[in-house]
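S.K.: Before I ask anything, here is the structure I am working with.
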Amino acid sequence: MNETGTSTVVWTLRRSARTRRLWITVQRDGSVVVTAPHREPLPAIERFVREKAAWIARTVAHVARYKDDVLLPRDRRSYLRHRETARAIVHGWLAKYAPLVGLPYGRVFIKNLRRNWGSCSEAGNLNFNYKLALLPERLSEYVVLHELCHLAHFDHSPAFWKLVVRLMPDAKLRRKEMRKYHA
């Protein structure tokens, strides 16, 4: 690995036999790694980094803003390891809150969702991210209640939020806490 500076962007070069194109990654610590094919000439790599300097600066700033956030694993092994724990957690909260919402739900699915913590289909099926098993208990409780409330209000209308807050008075605080966890 060579460390190179181009146009005020400090970056580390990583050569790879498997990559076929130039690739820039901004790490969680804000460092920049450029991955390049073995035969890519250094001047072409430096030109590429100069062309992407604005994107790199924006991305480094974005990463710095969220540096204290919690990134949870996305790999299949983690999904398989935590899926049943998440299922047990979800069913526990459903048993507590479904009678309070007063509407029946359909099937419950535990998935490896990339962006969402949960969703509710119009058929009443509930989908939850397996990463609920990795959250603090109070936040997984919030997610399950949130999706259950969608059975009554299939939107984020004032009536929906009124129901959520009636059943969980500190829901707004929990929702705010959720922002530091990334599915």
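S.K.: Using a 7 Å offset from the Cα along the Cα-to-Cβ direction at both T85 and H156, what is the distance between the two label points in nm, to one decimal?
M.R.: Using points 7 Å along Cα→Cβ, the separation is 2.9 nm.
S.K.: While we're on this one: Taking amide H atoms as placed 1.01 Å from N in the peptide plane, list the residues 5 or more away in sequence, or in a different chain, whose amide H sits under 5 Å from that of L72.
M.R.: Close amide H contacts, sequence-distant or interchain: H182.
S.K.: In what sequence do I110, I89 fall when counting other Cβ within 10 Å, fewest first? Write out the running numbers ahead of the final one.
M.R.: Details: I110 25, I89 22.
Fewest to most other Cβ atoms nearby, the residues stand as I89, I110.
S.K.: Please express the Cα-Cα pair-distance distribution P(r) of the chain as a list of whole percents, one per 5 Å bin, running from 0 to the bin with the greatest distance.
M.R.: With 5 Å bins starting at 0, P(r) equals 1, 7, 14, 15, 13, 10, 9, 8, 8, 7, 5, 2, 1, 0.
S.K.: Hey, if you put +1 on the Cβ of every Lys and Arg and -1 on every Asp and Glu Cβ in the chain, which of V32, I45, S78 ends up farthest toward the positive end of that dipole?
M.R.: Working it through, the farthest residue towards the positive pole turns out to be I45.
S.K.: Let's see if you can work this out: charge +1 on each Lys and Arg Cβ, -1 on each Asp and Glu Cβ, no other charges. What is the dipole magnitude of the chain about its Cα centre, in debye to the nearest 20?
M.R.: The calculated dipole for the chain is roughly 420 debye.
S.K.: How high is the FRET efficiency from V70 to V10, r the C-beta distance, R0 45 Å, rounded to 0.05?
M.R.: Efficiency at R0 = 45 Å is approximately 0.95.
S.K.: Lys and Arg at +1, Asp and Glu at -1: add these up for the other residues within a Cβ distance under 12 Å of L173 and post the number. Mind dumping the intermediate values first?
M.R.: Working: positive: R138, K172, R174, R175, K176, R179; negative: D170, E177.
Its environment carries a net charge of +4.
S.K.: How far is helix 42-51 tilted off the main Cα axis of the chain, in degrees rounded to 10, range 0 to 90?
M.R.: Orientation of helix 42-51: about 50 degrees from the principal axis.
S.K.: Rounded to the nearest 500, what is the 222 nm mean residue ellipticity of the chain from helices alone, with -39500 (n - 2.57) per DSSP H run of 4+ residues and division by all residues? Write out the running numbers ahead of the final one.
M.R.: Working: 6 runs with 80 residues, N = 183.
Roughly -14000 deg cm²/dmol at 222 nm, from the helical runs in the chain.
S.K.: Dipole magnitude of the range 76-182 about its Cα centre, charges +1 at Lys/Arg Cβ and -1 at Asp/Glu Cβ only, in debye to the nearest 20? Provide the component values of the computation, followed by the final result.
M.R.: On the way: 20 positive and 8 negative charges, 110 e Å.
My answer is approximately 520 debye.
S.K.: At what distance in angstrom do the alpha carbon centres of the range 5-40 and the range 81-155 lie from each other?
M.R.: 40 Å
S.K.: Could you pull out the pairs from K96/K131; K52/K176; K111/K172; K52/K131 whose alpha carbons sit more than 31 Å apart here?
M.R.: Values: K96/K131 20 Å; K52/K176 33 Å; K111/K172 25 Å; K52/K131 33 Å.
Exceeds cut-off: K52/K176; K52/K131.
S.K.: Within a 10 angstrom radius of the beta carbon, how do H156, H82 rank from fewest other beta carbons to most? Walk me through the intermediate numbers first.
M.R.: Numbers: H156 12, H82 21.
So the residues, fewest neighbours to most, are H156, H82.
S.K.: Next up: Which residues in the range 121-140 have a backbone N closer than 15 Å to a point placed 7 Å from the Cα of R107 along the Cα-to-Cβ line?
M.R.: 121-128
S.K.: For R115 and A61, compute 0.36 nm times the residue count separating them, minus their Cα-Cα distance, and round to one decimal in nm. Before the final figure, lay out the partial values.
M.R.: Working: separation 54, 0.36 × 54 = 19.44 nm, distance 2.11 nm.
Using 0.36 nm per residue and subtracting the Cα-Cα distance, I get 17.3 nm.
All of the numbers you see were taken from the coordinates with simple rules; none came from a lab. As the structure is a prediction and not an experimental result, all values here were calculated from the model. Here the Cβ is made from the backbone with ideal geometry for all residues, glycine too, and neighbour counts use every protein chain on show.
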